[in-house]
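In what follows, a single structure is set out as structure tokens and then discussed.
The values are calculated or read from the model by the stated rules, or taken from the named source; none is laboratory data. Keep in mind that this is a model prediction, so the values were computed, not measured. Glycine gets a Cβ as well: all are built from the backbone with ideal geometry, and neighbour counts include every protein chain shown. When the accessible area is computed, the model is the full protein with side chains, heavy atoms only, and any ligands, DNA or RNA have been set aside. Shrake-Rupley method; radii C 1.70, N 1.55, O 1.52, S 1.80 Å.
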Amino acid sequence: LNNCTKQGLISDQSLDRIKKAESEKLFSIHWELRTFLYLGILLLTSGLGILIYKNIDTIGHQVILALIALLCAGCFFYCERNKPPFSFEKVNSPNAYFDYILLLGCLTLLTFITYLQVQYNVFGDRYGLATFIRWSSCFIVLTILIILACFQWPIANLAAWMGIAVTPLRIFKANNFADAQIIFAGLLLGVLLVLMARFSTLKKLKSHFSFTYLNFGMNILFISCLAGMFHFDSFYLLWLIPLLVLVYYFYRQAIAISSFYFMLMLTLYAYVGISYVITRLLLLFDNFGTTSLIMMYFIASGIYILLFLIRMNKKLKKQ
Amino acid sequence: MIVYNENSLDRLMFKEEAAIALRRQLIPKNEFDAVAAANVVDLYRPNIFIRIGLFLVTVVIASMSFGLIILVTADALDSDTGFFWICIIFAFFIYVALEWIIQSKRHYRSGVDDALLWNALGFIVAAANIFTGITRWNNHC
């Protein structure tokens, strides 16, 4: 600092100001408080869940359901009373607690619906229970997301994250690779989200959500595409086409909004997909040299991706 | 001993401090520009996402190179000492690559140098493990 002043880069007044600011610096606990609030709600819901689960015999299902419904209704009632007026632009929440109470409301609503389904099978097994739960969780969350997006609640970001994050996780965890249906459902959902993103930007309806939509759309689309590639064993070459189309589309998007994040994700997904295909093709020649060939491929392609990322970094930075 | 060019690191620090001061409106914009112009940073520091990507890709390259070496020297794996020497030599090569990347390519926390550093350390630890007999390679075969 003194160096800079000596060189005449910073004026003496500025130096004084900086020194003064440094000496009476306030320690901000804003984010700490927010984190605690957020954690508190998460812990409260999970703790209640465990407590109720342990005492399920003495309490009874109806009471629990009523309690959850009451809590949920209370939360939404509070939000309804305090919500800022509707607007298609970004709306700031009226006070610090608003977001969290809304979050609590959403969580309890989800719990309520799941509870109903598990205990009383309210939504029935019209489509066969197994597929239905999968579909319903997906759809209920999506509906909530849409409602929230329409009602301009800023935390819809978070709700979207929690809700949809479950779906791709399920694809891996429940081993639903074997289920062709969920792959196509994923593709559909992804396309829908991308279209929503486009729509909201074009019409300036809540365009600050468009990143969230696009983000989930991209991840779900790519994961479904790769899952399709791994699942439909004999058609893996065909799946390369949608993958490349997606890569092209999101590449254009990433350049357009100069997003490093999209660039990285599409590079990694494309790399996985293309490497899979090339490895499969190399394995067709089944002899001793294949393994070394595959490793050489990975080294060469890795170096190429390295250079590609460095070049993209420069390109995006320039914009 | 610091491999990174100390001058560059100092300049980077000045610039970052000035940016913080600018954000808190302690110095006017023209002073920040003057500081930035006087302290041109020649280090390669990509965006955090690109850094993650570079890290992953570098790990892939390093592990595939290791696999290739293992394939070529498959006979050496019969003994612990053979594997020990492969690890040591490989760690050495990675370290040389790291120094090269930092000195001539001026990478600074770019993902590539992170990955190479971790890999070099990992292989040294692996070699130490085998040497001291904590992990015996042949038992796993």
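Key figures for this structure:
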read-out: Residue that is least open to solvent (accessible area, probe 1.4 Å), among those in region B:1-22 that are over 18 Å from B:V112 (Cβ atoms) and not aliphatic (A, V, I, L, M); value: B:F14
read-out: Helices (runs of 4 or more DSSP H) wholly inside region A:1-95 that include at least 3 residues being within 14 Å of chain B (Cβ to nearest Cβ), modelled with pLDDT under 70 and open to solvent by 90 Å² or more (accessible area, probe 1.4 Å); value: A:12-23
read-out: Residue among A:F285, A:F222 that is more than 14 Å from chain B (Cβ to nearest Cβ), farther than 30 Å from A:L189 by Cα and of a type in the set (F, W, Y); value: A:F285
read-out: Residue, nearest to the other protein chains (Cβ to nearest Cβ), within region A:289-311, restricted to residues that are surrounded by fewer than 14 Cβ atoms within 10 Å (Cβ to Cβ) and of a type outside the set (A, V, I, L, M); value: A:S292
read-out: A:L202 vs. criteria open to solvent by 40 Å² or more (accessible area, probe 1.4 Å) and at pLDDT 70 or above; value: yes
read-out: Region B:1-35 - residue that is in contact with a helix residue (DSSP H, G or I) (Cβ under 6 Å, 6 or more places away or on another chain) and of a type in the set (G, A, S) and, of those, nearest to the other protein chains (Cβ to nearest Cβ); value: B:A21
read-out: Region B:44-102: number of residues that are more than 12 Å from every other protein chain (Cβ to nearest Cβ), among the hydrophobic types (A, V, I, L, M, F, W, C) and over 30 Å from A:F260 (Cα atoms); value: 13
read-out: Any hit, region A:244-251, residues being within 14 Å of another protein chain (Cβ to nearest Cβ) and touching a Phe, Trp or Tyr at 6+ places or on another chain (Cβ under 8 Å); value: yes
read-out: Region B:23-37: number of residues that are in a helix (DSSP H, G or I) and open to solvent by 50 Å² or more (accessible area, probe 1.4 Å); value: 5
